[in-house]
Amino acid sequence: MTRSYITVAIPYVNARPHVGYALELVQADVLARWQRSQGHEVRLLGGTDDHALKNVLAAAAVGVPTKQFVDQNAAAFEGLRVPLHVSFDDFIRTSRDRRHAPGVAALWRACAARGDFYRRWYEGRYCVGCEQFYAAADLIDGRCPEHGTVAELVSEENWFFRLSRYRDRILDAITSGELAIVPETYRNEVVAFLREGLDDISVSRSQDRAHGWGLPVPDDPTQVIYVWWDALGNYVTALGYGAGDPTFDTWWRGADERIHVIGKGILRFHAVYWPAILLSAGLPLPTKICVHPYLTADGAKLSKSAGNAIDTVSVVETVGVDALRWWFLRDVPRTVDADFTLERVIARSDEDLAHGVGNLIHRVVTMVHRLADGAVGDGVAPDGPVVDGSRASAEITAALDAYDFRRATGIVRALVDDANRRVDATRPWELPRGSRAARDALGDLVRRARLVAELLGPFVPETSTLARIALTPDATGRLPASRPLVPAIAPARA
Ligand SMILES: [Zn+2]
């Protein structure tokens with residue numbers, strides 16, 4: 001048994017959550033659910049980044065006090081766990097969770113004790129959207145490459161963190177595999193960045209520029225801790241870091257895996273800055289960073305600020321949670337952005353879940369009723385040839401270790417197709433009723449269907465539960481009456 005701590009990035013709450021955020025939640029949830037299904041210990045953490053300057057500006061734009069604005073939006077992010085069936089064990093909101101501020105202060109002090117801070121006058125171009133400084137060479141006509149907005153000129157005295165000190169150690173951790181970054185494209189990107197060398201970074205801002213929102217620098221109340229430092233800290237403050245909480249020893253120091261699931265845009269923060277902070281504070285590094293691409297709508301990045309956000313809750317209300325989850329897992333490529341449309345989600349769900357899984361379960365249960373009066377264990381031999389479930393499980397584990405959801409779901413989809421082909425090949429309805437051959441054929445199909453139902457659990461929990469119920473005999477040893485398991489969505493909308 002292994003122990004895994006899995007986190008998702010904590011988003012800014014400057015607007016309501018869009019469907020791109022849902023992708024990350026579902027991916028992390030599948031990793032957590034799969035590990036639990038294999039008997040491992042898992043803790044899945046989510047949260048919100050309340051201290052971003054973006055939140056302050058967005059609140060001011062609608063004339064609502066920052067705290068009230070943040071509370072409202074953060075609740076919408078946290079609330080997504082219900083419609084998306086995300087199995088969070090914990091959720092941290094950085095502005096109001098009591099664990100956070102003392103933990104961030106402790107992290108700061110640990111790095112200060114290492115001699116990793118110094119004050120310096122600084123001038124640079126800052127993108128509030130990214131909450132980061134940009135070198136002139138990285139801007140396009142003075143504009144942020146991510147947001148296309150003009151980066152503002154900031155000059156002030158800040159606290160600087162000796163990031164440069166940790167370059168060799170981080171490069172070594174990544175190239176040796178101590179800190180895995182998957183898929184490899186993203187690992188190569190970080191390695192190339194590190195090979196160019198690292199500058200120290202500004203990790204505070206004046207109270208003035210922060211509009212008084214955020215956590216004060218310990219022993220220097222004129223400065224506010226840089227929001228990324230504050231936000232990255234959530235991964236350990238949620239475990240009670242700095243408070244002598246044994247949870248931290250169990251789930252950070254004592255975990256076999258410390259996994260961060262993030263979007264490609266914040267790779268540098270997680271693969272360079274965060275490891276440096278941990279090394280400075282004398283804490284173990286993450287073991288793996290899983291990176292996903294973006295979702296787009298008509299080719300443009302989905303973003304809260306761009307205004308093309310697609311509301312997750314209304315998508316779930318329209319197509320159902322498992323259709324959305326399955327599309328994320330089955331169709332979103334590993335490193336290329338995926339264009340989101342409802343039509344794509346519906347087509348994939350209808351093909352795989354309604355016609356593939358739903359049809360298989362419906363056919364099998366119908367046959368058991370017609371040919372064996374619904375009885376499993378009597379009309380259907382429970383001990384016939386065994387489908388190799390452990391091999392499928394091992395293959396799915398390997399795919400998920402590589403953060404490859406398309407490969408993982410493809411394994412289940414192949415089992416569905418095999419089972420459906422098996423129905424056509426064995427034609428149990430042509431075998432003598434009650435014969436050994438009929439019992440074996442039906443038993444084999446029931447076991448295959450059950451395996452599919454079980455393996456689907458971490459991916460599409462609702463469909464899996466319905467399938468299991470359909471394949472579980474009642475007190476009289478009979479399966480429930482057959483009914484369509486997953487109705488097709490497209491015809492109902494036509
Ligand atoms: Zn930006």
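What Cys residues in the chain have no fellow cysteine's beta-carbon under 4.7 angstrom? Isolated Cys, the chain: C111, C290.
In plain terms, the chain from S435 to R406 could stretch by 6.4 nm, reckoned as 0.36 nm per residue minus the Cα-Cα distance.
Using a/c under 1.5 as the rounded threshold, could you call the chain rounded, prolate or oblate? The axes a ≥ b ≥ c are square roots of the C-alpha gyration tensor eigenvalues, and prolate needs a/b larger than b/c, oblate otherwise. Verdict is prolate for the chain.
Taken per residue, the accessible surface of the stretch 210-358 reaches 32 Å², heavy atoms only and a 1.4 Å probe. Only Lys, Arg, Asp and Glu carry charge here, each on its Cβ (+1 for the first two, -1 for the last two); on that basis the chain has a dipole of about 820 debye about its Cα centre. Against the main long axis of the alpha-carbon atoms of the chain, helix 184-195 sits at an angle near 20°.
Rounded to the nearest 5, the antiparallel percentage of DSSP beta bridges internal to the chain is 50%.
Exposure here means at most 13 other Cβ atoms within 10 Å; with trypsin sites (Lys or Arg not before Pro) in a DSSP loop as sites, the longest stretch of the chain lacking them is 99-432.
Of L232, A22, V336, which is farthest along the charge dipole of the chain in the positive direction, counting Lys and Arg as +1 and Asp and Glu as -1 at C-beta? Checked the options; the winner is A22. Going by a ≥ b ≥ c, the root eigenvalues of the Cα gyration tensor, does the stretch 117-202 fall in the rounded group (a/c under 1.5), the prolate group (a/b larger than b/c) or the oblate group? Oblate. Of the GluC sites (Glu not before Pro) found in the stretch 131-216, those that fall in a DSSP loop while having at most 16 other beta-carbon atoms within 10 Å are E146, E178, E196. About its Cα centre, the stretch 196-257 has a charge dipole of approximately 260 debye under the convention of +1 per Lys or Arg Cβ and -1 per Asp or Glu Cβ, with nothing else charged. The modelled label-to-label distance for the pair D311/H147, using points 7 Å beyond Cα in the direction of Cβ, is 2.5 nm. Taking all protein chains into account, the per residue accessible area for the stretch 54-109 stands at 44 Å² (1.4 Å probe). Taking the Cα atoms only, what angle lies between the long axis of helix 100-113 and the longest principal axis of the chain, rounded to 10 degrees? Compared with the principal axis, the helix lies near 60 degrees.
Distance between the modelled labels on A492 and T335, one decimal in nanometres: 3.9 nm (7 Å Cα→Cβ projection). Each Cα pair of the stretch 98-140 feeds into the Kirkwood radius, which the Stokes-Einstein equation turns, at 25 °C and 0.890 mPa s, into a diffusion coefficient of 187 µm²/s. Ligands, DNA and RNA left out, the 1.4 Å accessible surface of the chain is 51% carbon and sulfur atoms. For the stretch 412-426, backbone phi angles converted through the Karplus equation (6.51, -1.76, 1.60; θ = phi - 60°) give residue-by-residue couplings of 5, 4, 5, 5, 5, 5, 4, 5, 5, 5, 4, 4, 5, 6, 8 Hz, Gly and Pro being listed as x. Listed cross-link partners K67/K288; K67/K301; K54/K264 are compared with a 22 Å cut-off, the Cα-Cα value being larger for K67/K288; K67/K301. Farthest toward the positive end of the dipole of the chain, out of F77, G299, A481, is the Cα of A481, where the dipole comes from beta carbon charges about the Cα centre.
The values are calculated or read from the model by the stated rules, or taken from the named source; none is laboratory data. If you're wondering where the values come from, they're calculated on a predicted model, not measured in any experiment. Every residue, glycine as well, gets a Cβ built from its backbone with ideal geometry; the counts of neighbours run over all protein chains shown. Areas reflect the complete protein model, heavy atoms only, side chains present, ligands, DNA and RNA absent. Shrake-Rupley method; radii C 1.70, N 1.55, O 1.52, S 1.80 Å.
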